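The values are calculated or read from the model by the stated rules, or taken from the named source; none is laboratory data. This structure is a prediction, so every number in the text was calculated from the model and none was measured. Ligands, DNA and RNA are excluded from the accessible area calculation, which covers all protein heavy atoms including side chains. Shrake-Rupley method; radii C 1.70, N 1.55, O 1.52, S 1.80 Å.
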Amino acid sequence: MPKAFPLEFRRDVVAVARQSDAPIAQVARDFGVSESCLQRWLKLDDVEEGRRPGVTQAESAELREAKKSGRSAEAFRGLV
């Protein structure tokens, strides 16, 4: 699996894509990412900004933590 791009880089590319009149394909090429990757970043940004329904990063982290604590409690109960 390819290494993930740094968050700051992704934010910069999304900002350029939103402000530019250039097609998404051109912006993606200019930054060395695939067009589908940039489209995904744009969709994720729409969710974060409330322009599109979905689970934000903060909500996702909260769900992960809830699942972790639930598993830990279940595992503890099994040992008692």
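Across segment 1-18, the number of residues qualifying as under 17 Å from LEU44 (Cα atoms) and more than 13 Å from the chain's Cα centre (by Cα) comes to 6. Taking ALA17, is it farther than 21 Å from PRO2 by Cα and of a type outside the set (Val, Ile, Thr)? The answer is yes for ALA17. Within segment 1-55, the set of residues being open to solvent by less than 60 Å² (accessible area, probe 1.4 Å) and among the acidic types (Asp, Glu) comprises ASP45, ASP46.
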